[in-house]
Ligand code: NAD
């Protein structure tokens, strides 16, 4: 299938490792011109800093496909999260998406074609234990994306959310460690407990998530707009 992504300019945010890196590799394999950023890549950008985002977008120029992504928010239950933690999560998870999207929309509108994919978490469909910041603030990102899909569909721009379940990355290792610290189980025991909650009984390969994102950005995927798609091996219990 020709995905129509050859020579499209793609920005994948927060892509020095993990899911972002896999997504960038997925687009590169389709012949796209891929730009990545993180705090430690050749194109440096702290996504909590609006001025650095502005400079990043100016450096890259017109962007056809944007994948919003950032580091994961601090784990914890309600009593463990301070006002400063809430503010930090809002800046990292929500405002980074606002600043990136605002920067790419004018060109997409002008050329009457664009794809925006917001990477979130299955927490947008079903709250996750010990991740209250993700549960609350990613839901705002998902509803932002749905609103933008309504508003900008007429401009040839699709906006979708991809909600990963549990993929083998550093972030997952840290979350398992945090759960093990709280439960008293060993790391491997906690990992196995989590694995068995997934109907397909395995963690995801980041390349599988990348394939989903690449298809949503593709020409044949152009009629998919405003969805929030869990890629989670069946983990989420709601539809
Ligand atoms: P990761 O921790 O492996 O990678 C995070 C990336 O974000 C890194 O490249 C890091 O440098 C970058 N980053 C962090 N803070 C940044 C900042 N302020 N500015 C710029 N870059 C920054 O995480 P991952 O597993 O690749 O997950 C990516 C996103 O998806 C995270 O938000 C995570 O919470 C979410 N998620 C991951 C999973 C999973 O199973 N891995 C599941 C659900 C949701």
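The values are calculated or read from the model by the stated rules, or taken from the named source; none is laboratory data. Values in this document were obtained by computation on a predicted structure and should not be read as measured data. A quick note on method: Cβ atoms are made from the backbone with ideal geometry, for glycine too, and the neighbour counts reach across all protein chains shown.
Being in a helix (DSSP H, G or I) and more than 25 Å from residue 111 (Cβ to Cβ): is that true of residue 146 here? Please lay out each step first, then the result.
Details: in a helix (DSSP H, G or I): yes; more than 25 Å from residue 111 (Cβ to Cβ): no.
So residue 146 fails the test.
Please verify whether region 100-107 includes one or more residues that are farther than 24 Å from residue 149 by Cβ and modelled with pLDDT of 95 or more. Steps first, answer last, please.
Here is the first cut: in region 100-107, the ones farther than 24 Å from residue 149 by Cβ are none.
No: zero hits.
Of the residues that sit in region 10-24 and are assigned to a loop (DSSP other than H, G, I, E, B) and surrounded by 21 or more Cβ atoms within 10 Å (Cβ to Cβ), which one is nearest to the ligand (Cβ to nearest atom)?
At the first step, the residues of region 10-24 found to be assigned to a loop (DSSP other than H, G, I, E, B) are 14-17.
Cutting the leftovers down to surrounded by 21 or more Cβ atoms within 10 Å (Cβ to Cβ) gives us 14-15.
Details: 14: 3, 15: 6 Å.
Result: 14.
In region 134-190, how many residues are under 22 Å from residue 114 (Cα atoms) and more than 16 Å from the ligand (Cβ to nearest atom)?
Residues in region 134-190 being under 22 Å from residue 114 (Cα atoms) and more than 16 Å from the ligand (Cβ to nearest atom): 15 in total.
Any chance region 108-116 includes a residue that's within 20 Å of residue 230 (Cα to Cα), touching a residue at least 40 places away in the same chain (Cβ under 8 Å) and in contact with a helix residue (DSSP H, G or I) (Cβ under 7 Å, 6 or more places away or on another chain)? Explain how you work it out, then say what you get.
Taking region 108-116 and keeping what is within 20 Å of residue 230 (Cα to Cα), we get 115-116.
Filter once more, keeping what is touching a residue at least 40 places away in the same chain (Cβ under 8 Å): 115-116.
Narrowing the set further to residues that are in contact with a helix residue (DSSP H, G or I) (Cβ under 7 Å, 6 or more places away or on another chain) leaves 115-116.
The answer is yes; a qualifying residue exists.
Looking at the structure I just gave you, is residue 163 in a strand (DSSP E or B), in contact (Cβ under 8 Å) with a residue 24 or more places away in the chain and under 15 Å from the mean Cα position of the chain (by Cα)? Spell out the reasoning first.
Values: in a strand (DSSP E or B): yes; in contact (Cβ under 8 Å) with a residue 24 or more places away in the chain: yes; under 15 Å from the mean Cα position of the chain (by Cα): yes.
Yes: the conditions hold for residue 163.
In region 97-125, how many residues are within 22 Å of residue 218 (Cβ to Cβ) and within 12 Å of the chain's Cα centre (by Cα)? Talk me through it step by step, then tell me what you get.
Within region 97-125, the subset within 22 Å of residue 218 (Cβ to Cβ) is 97, 100-101, 104-105, 107-120.
If we keep only those that are within 12 Å of the chain's Cα centre (by Cα) as well, we get 97, 116-120.
So the answer is 6.
Is it fair to say residue 60 is farther than 30 Å from residue 182 by Cα, within 16 Å of the ligand (Cβ to nearest atom) and over 19 Å from the mean Cα position of the chain (by Cα)? Before you say what the answer is, go through the steps one by one.
Working: farther than 30 Å from residue 182 by Cα: yes; within 16 Å of the ligand (Cβ to nearest atom): yes; over 19 Å from the mean Cα position of the chain (by Cα): yes.
For residue 60, the condition - farther than 30 Å from residue 182 by Cα, within 16 Å of the ligand (Cβ to nearest atom) and over 19 Å from the mean Cα position of the chain (by Cα) - is met.
Residue under question is residue 151, and the condition is that it be free of Cβ contacts under 8 Å to residues at least 12 places away in the same chain, within 19 Å of residue 35 (Cβ to Cβ) and surrounded by fewer than 18 Cβ atoms within 10 Å (Cβ to Cβ); does it hold?
On the way: free of Cβ contacts under 8 Å to residues at least 12 places away in the same chain: yes; within 19 Å of residue 35 (Cβ to Cβ): no; surrounded by fewer than 18 Cβ atoms within 10 Å (Cβ to Cβ): yes.
No: the conditions fail for residue 151.
Being over 26 Å from residue 136 (Cα atoms), assigned by TED's automatic domain parsing to the domain that holds residue 219, more than 13 Å from the chain's Cα centre (by Cα) and in a strand (DSSP E or B) narrows it down to one residue among 27, 35; which is it? Break it down stepwise before answering.
Values: 27 fails: in a strand (DSSP E or B).
Result of the check over 27, 35: 35.
Quick one: is residue 33 surrounded by fewer than 22 Cβ atoms within 10 Å (Cβ to Cβ), touching a strand residue (DSSP E or B) at 6+ places or on another chain (Cβ under 7 Å) and modelled with pLDDT of 95 or more? Let's see the steps before the verdict.
Values: surrounded by fewer than 22 Cβ atoms within 10 Å (Cβ to Cβ): yes; touching a strand residue (DSSP E or B) at 6+ places or on another chain (Cβ under 7 Å): yes; modelled with pLDDT of 95 or more: yes.
So residue 33 passes the test.
Could you check residue 52 against (1) modelled with pLDDT of 95 or more; (2) more than 9 Å from the ligand (Cβ to nearest atom); (3) in the same structural domain as residue 116 (by TED's automatic domain parsing); (4) more than 18 Å from the chain's Cα centre (by Cα) and say which number it fails?
(2)
Would you check which residues across region 88-132 are in a helix (DSSP H, G or I), more than 19 Å from residue 11 (Cα to Cα) and more than 11 Å from the ligand (Cβ to nearest atom) and list them? Steps first, answer last, please.
To start, the set of residues in region 88-132 that are in a helix (DSSP H, G or I) comprises 88-111, 122-124, 132.
Keeping just the survivors that are more than 19 Å from residue 11 (Cα to Cα) gives 88-91, 122-124, 132.
The answer is 90, 132.
Would you please name the residue that is farthest from the ligand (Cβ to nearest atom), looking only at residues in region 191-217 that are out of contact with any strand residue (DSSP E or B) (no Cβ under 8 Å at 6 or more places or on another chain) and touching a residue at least 60 places away in the same chain (Cβ under 8 Å)?
Just the residues of region 191-217 that are out of contact with any strand residue (DSSP E or B) (no Cβ under 8 Å at 6 or more places or on another chain), to begin with: 191-202, 207, 210-211, 214-215.
Applying the additional criterion that residues be touching a residue at least 60 places away in the same chain (Cβ under 8 Å) yields 207, 210-211, 214-215.
Details: 207: 13, 210: 11, 211: 15, 214: 16, 215: 18 Å.
Taking the candidates together, the pick is 215.
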